[in-house]
Structures are given as C-alpha cells and as structure tokens.
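Data first, discussion second: the structure below is written as structure tokens.
What follows draws every value from the coordinates through simple rules; no lab data is involved. A quick note: this is a predicted structure, and the numbers were derived from the prediction, not measured. All Cβ positions, glycine included, derive from the backbone under ideal geometry; neighbour counts span all protein chains shown.
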Amino acid sequence: MNRIRIVVAGTVMLWMSTTFAHSPPDSARVFFVNLQDGATVTSPFSVIFGITGFGVTTAGDKAKNKHTAGHHHLLIDLERPLDMEQPLPYTKDIMHFDQGETETILELPAGQHTLQLLLADEDHESYDPPLMSKKITITVK
Ligand SMILES: [Cu+2]
C-alpha cells in the first residue's frame with residue numbers, strides 16, 4: 001500500500017514539474033501598453049511592455065522566482081519561425097531585455113513594421129505554450 005502511495009506521489013510530482021515548472025498560468029498575458037495594432041508613430045517612439053498574471057525579473061535569475069517571472073523580448077519585423085526548443089538568439093530583430101526592463105525607445109525607418117512581445121525564462125527559453133503578445137503592425141511616419 002505504501003509502495004503504491006509513493007509511486008502515485010512520484011508520478012504526480014513528475015507531472016507537476018513537467019507541467020508547471022516553466023509554464024505561466026493560462027491567464028497570463030503580455031501585451032503592448034501604449035501601442036495598438038495599426039498605430040502610426042513618429043520615430044523614435046516608446047514601447048511599453050505590459051504583463052498580467054506573471055512576473056518580470058532579470059535574465060539569469062536562478063532564484064526562487066524563476067518559475068514565476070521571466071524577461072521580455074521584442075521581436076521586430078521577425079518573419080522566420082522561432083525554434084522554441086532553443087534559447088532565443090541575440091539578433092537585431094530579437095531584442096532581449098535582460099535587466100527586466102518593461103519599456104524601451106525604438107528608432108525604426110519609415111514604413112510598416114511588425115512588433116511582438118515574447119516572454120522567456122532565465123535561460124532565454126520560451127515557455128510552453130509561449131507567452132507572447134499579439135503581433136501588431138505599426139506605421140512609422
Ligand atoms: Cu533573453
């Protein structure tokens with residue numbers, strides 16, 4: 001009987017660790033606070049990152065809040081699919097906000113651009129499922 005209890009407890013713990021360890025709650029959202037889809041802006045312009053239901057911390061934070069907080073990434077005109085199994089690379093179209101920043105000033109050439117927010121963990125790995133905003137299209141005058 002005790003053996004069955006241990007097996008059941010172990011199975012539940014394994015399930016919990018794989019299900020919840022790196023998964024923000026379903027209710028968590030990231031979004032642009034000050035930009036709507038279709039907005040027209042003048043460069044340089046500010047972008048404010050919103051989040052509810054999950055926290056923001058610095059990259060590399062291995063403390064106890066690593067499963068309750070991540071850091072923002074801003075995807076700029078990113079068309080290629082991301083490999084969500086790998087840490088997000090540092091490229092000009094994937095900006096990491098390693099200090100836990102929740103806003104930035106962007107300078108982009110005139111024309112249409114897409115922006116999307118993606119939260120990732122202390123190792124720059126996306127959550128499963130990814131915690132990302134809607135991709136918005138803006139026009140820079
Ligand atoms: Cu990162």
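Listing for the model above:
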item: Members of the range 77-108 found to be out of contact with any strand residue (DSSP E or B) (no Cβ under 6 Å at 6 or more places or on another chain) and within 12 Å of Val47 (Cβ to Cβ), listed by number; result: Glu101, Glu107
item: Filter result (within 14 Å of the ligand (Cβ to nearest atom) and of a type in the set (S, T, N, Q)) within the range 39-92; result: Thr57, Thr58, Gln86, Thr91
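Okay, residues lined up against (1) surrounded by 13 or more Cβ atoms within 10 Å (Cβ to Cβ); (2) of a type in the set (A, V, I, L, M); (3) in contact with a helix residue (DSSP H, G or I) (Cβ under 6 Å, 6 or more places away or on another chain); (4) within 19 Å of Glu125 (Cβ to Cβ):
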| site | (1), (2), (3), (4) |
| --- | --- |
| Pro25 | no, no, no, yes |
| Ala28 | yes, yes, no, yes |
| Phe31 | yes, no, no, no |
| Gly38 | no, no, no, no |
| Ser43 | yes, no, no, no |
| Ile51 | yes, yes, no, yes |
| Thr58 | yes, no, no, yes |
| Ala63 | no, yes, no, yes |
